[in-house]
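Structure first, then comments.
The values are calculated or read from the model by the stated rules, or taken from the named source; none is laboratory data. Here the structure is a predicted model, which is why all the values come from computation and not from measurement. Because the Cβ atoms are built from the backbone with ideal geometry, glycine has one as well, and the counts that use them run over all protein chains shown. Each accessible area value is taken on the protein alone, full model and side chains, heavy atoms only, with ligands, DNA and RNA left out. Shrake-Rupley method; radii C 1.70, N 1.55, O 1.52, S 1.80 Å.
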Amino acid sequence: MRHYYTFPEPFELELGGKIQNLTIAYDTYGTLAEGGGNAVWVCHALTANSDVADWWPHTVEKGAFLDPEKCFTVCANIIGSCYGSTGPLSVNPATGKPYYGDFPRLTIRDMARAHSLLADHLGLRRIHALVGSSVGGFQAVEWIAAEPRRFGRLVLIATDVKASPWSIAIDETQRMAIRADATWGEPRADAGAAGLAAARAIGLLSYRGGEGYNLTQQDPESDTLPDDHRACTYQRHQGDKLVKRFNAYSYMTILDAFDTHDVGRGRGGVDAALRRICCPTMVVGLTTDIIFTPAEQREIARRIPGAVYREISSPLGHDGFLVEHGQLNAILNDFL
């Protein structure tokens, strides 16, 4: 069920500036047990929303690791997005017009602080488990480093503890595509739409990888050349699909925040920050993920005290965490 919370004070941002009337959209599933011992907080990825059941199939259902008969699951839409939380298309109270390109710069730390404010509002001083996948994992590890005693379990899926040069390069390539759109920066919601479609197509290459594309986008065998390749129509379709539900201003805001991620900033380095984690932790990798590789996930598990590593076998690269729900539920049900 969708809810909204408005923070009554100015929300100070790490890089300077503030957001007035910060609104956070969030969804909940299940019923909070007396004492709050069944609360699970899910942090979502780049263009997802707070409706976990919408973007993470077969996880919020009976027998799954977010079984609503057992868990009280909370997911908040990240600030800067366009699914109900304050973002670039929101009205700037200072001008009475949408922020568009004037929206202030955010960091992953700002996103985690917004989650903390919402958790306080909900009375969740102690949360049984924190789950984050992809960019959601950035938020999760940042939040738990800031408040290690709030959580009883931690699950990190296909993510990182600091944005790598490789992932930053992928982001910059997408930004270049958006900036190349002549409409980018215009004060309207659809500014940079063609660039956004191209950026999405670029991102998909890294989400699926060669094995995933070769498995799912082969042209049918034929003695004649196709009028259009299946892989081409897929790229255009996915780009157009994102443009219909997202906007380039939010996309750029989140990509920029993505690149700020460094859990060790101001905490004596990454290892010192990870040593703050004092709860049972599971790190999950995917065999063909080329953004957050299995080797990187194993290294994260090694650096977090007592953490365990599990791996999902999938030909679908990074997107495997959205698809291989059977393996994911089997891994997480016992842990949670």
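With protein chains left intact and a 1.4 Å probe, residues in the chain average 43 Å² of accessible area per residue. When the P(r) of the chain is calculated, the portion above 24 Å amounts to 55% of the C-alpha pairs. The charge dipole of the chain, taken about its Cα centre with unit charges on the Cβ atoms of Lys, Arg (+1), Asp and Glu (-1) only, comes to about 1100 debye. Placing unit charges on the Cβ atoms only, positive for Lys and Arg and negative for Asp and Glu, gives the range 235-330 a dipole magnitude near 240 debye about its Cα centre. Of 161, 277, 178, whose Cα points farthest to the positive end of the dipole of the chain (charges on the beta-carbon: +1 Lys, Arg; -1 Asp, Glu; origin at the Cα centre)? So the residue furthest toward the plus end is 277. Bridgeable lysines around residue 70 (alpha carbons under 21 Å apart, same-chain partners fewer than 8 residues away excluded): 62. Surface listing: 115, 229, 128 arranged by accessible area from highest to lowest gives 229, 128, 115, probe 1.4 Å.
Three principal axis extents of the range 172-298 based on alpha-carbon atoms, in descending order, are 59, 43, 21 Å. The longest part of the chain holding none of the exposed loop GluC sites (Glu not before Pro), meaning those outside H, G, I, E and B in DSSP with at most 12 other Cβ atoms within 10 Å, is 70-220. In straight-distance terms, cross-link reach from residue 162 covers every one of the lysines whose alpha-carbon lies under 27 Å from its own, apart from those fewer than eight places away in the same chain; here that gives 18. Among 135, 308, 284, the largest mean-square fluctuation in a Gaussian network model of the chain (Cα springs under 10 Å) belongs to 308.
Diffusion of the range 20-102 by Stokes-Einstein, at 20 °C in a medium of 1.002 mPa s and with Rh set to the Kirkwood radius over alpha-carbon pairs, works out to 153 µm²/s. Listed by chain and number, the aspartates and glutamates whose C-alpha is less than 15 Å from the C-alpha of residue 97, apart from same-chain residues fewer than 8 away, are 186. Considering only protein heavy atoms and a 1.4 Å probe, what is the carbon-and-sulfur percentage of the accessible area of the chain? With neighbouring chains kept in place, the figure for the chain is 53 percent.
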